[in-house]
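Asks: Please find one structure pasted underneath; my questions will follow.
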Amino acid sequence: MKKSIIAILFVIVGMQLSFAQSSSTEQELKELSKAKWQWMADKNVDKLASLFHDKSKFVHMSGTWKKEEELDIIKTGSIWYKNADVHDVAVEVVGDVAVLWNRITLDAVVRENVAVTEFTVTEVYKKEDDGWKLLVFTFSSVRDTHKIKH
């Protein structure tokens, strides 16, 4: 009987620790994503260069490109991500890979044209020795009523 109670306690404690670690990782990723939006608004390509994985890809409404082109677009202001109003974020972590879905209203300047657009943005991160690195960044245009299922 005593062994059964101890075993049950270990299972409960293990589940709580697993949940706490998961919640902590999810919060860390949400904060990293939030910082990324600010770095994009500030055109801080140095911070972004260290966040973007060398093999990263970026999918926009007008095309798909790699890290260096995205950094150049941000640096030159070809696309200025002025403000991303984040309405919701869902996070799924599987091992060393994390996927975030952000429901946003993006206020941007694209080739000197002001654009306010509703998006769900998918971010895929990979955990490396020096932290989380962004692998995939995809914009999907959606209606303002679009919801992310958690």
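Asks: Suppose the chain between His150 and Asp42 were pulled fully straight at 0.36 nm per residue; how much longer would it get relative to their current alpha carbon spacing? Let's see the in-between values first.
Replies: Working: separation 108, 0.36 × 108 = 38.88 nm, distance 3.01 nm.
Taking 0.36 nm per residue and subtracting the Cα distance, the gain is 35.9 nm.
Asks: Size of region 104-150 along its principal axes in angstrom, Cα-based, largest extent first?
Replies: Sorted from largest, the Cα extents of region 104-150 read 39, 31, 11 Å.
Asks: Expressed in whole Å with the largest first, what are the equivalent ellipsoid semi-axes of region 41-84 derived from the C-alpha gyration tensor as the square root of 5 times each eigenvalue?
Replies: 15, 14, 9
Asks: Within 10 Å of each candidate Cβ there may be at most 16 other Cβ atoms; applying that plus a DSSP loop requirement, which trypsin sites (Lys or Arg not before Pro) in region 93-150 survive? Numbers along the way, then the final one.
Replies: On the way: sites: Arg103, Arg111, Lys126, Lys127, Lys133, Arg143, Lys147, Lys149; in loops: Arg111, Arg143, Lys147, Lys149.
Loop-located and lightly packed - Arg111, Arg143, Lys147, Lys149.
Asks: Compute the distance from the alpha-carbon center of region 22-38 to that of region 130-150, in whole Å.
Replies: Taking the Cα centre of region 130-150 as reference, the centre of region 22-38 is 13 Å away.
Asks: Over the chain, how many percent of alpha carbon pairs lie in each 5 Å bin up to the one with the longest distance?
Replies: That works out to 2, 9, 16, 20, 18, 12, 7, 4, 3, 3, 2, 2, 1, 0, 0, in percent per bin.
Asks: Something else about it: Please report the relative contact order for the chain, taking Cα pairs under 8 Å with a sequence separation of at least 6, and give it as a percent rounded to a whole number.
Replies: Relative contact order here is 20 percent.
Asks: While we're on this one: So how do Glu92, Glu26 line up by other beta-carbon neighbours within 10 Å, fewest first?
Replies: If I rank by nearby Cβ atoms, fewest first, I get Glu92, Glu26.
Asks: Same structure, new question: Residues with amide H under 5 Å of Val142's amide H, sequence separation 5 or more or different chain, H placed in the peptide plane at 1.01 Å from N; which?
Replies: Glu118, Phe119, Thr120
Asks: Could you work out the helix-only [θ] at 222 nm for the chain, with each DSSP H run of four or more residues adding -39,500 (n - 2.57) and the total divided by the number of residues, to the nearest 500 deg cm²/dmol?
Replies: -13000 deg cm²/dmol
Laboratory data are not the source of any read-out in this text; all were calculated from the coordinates shown. Computed from a prediction, not measured in an experiment: that's the story for all the values here. No Cβ is skipped: glycine too gets one built from the backbone with ideal geometry, and neighbour counts run over all protein chains shown.
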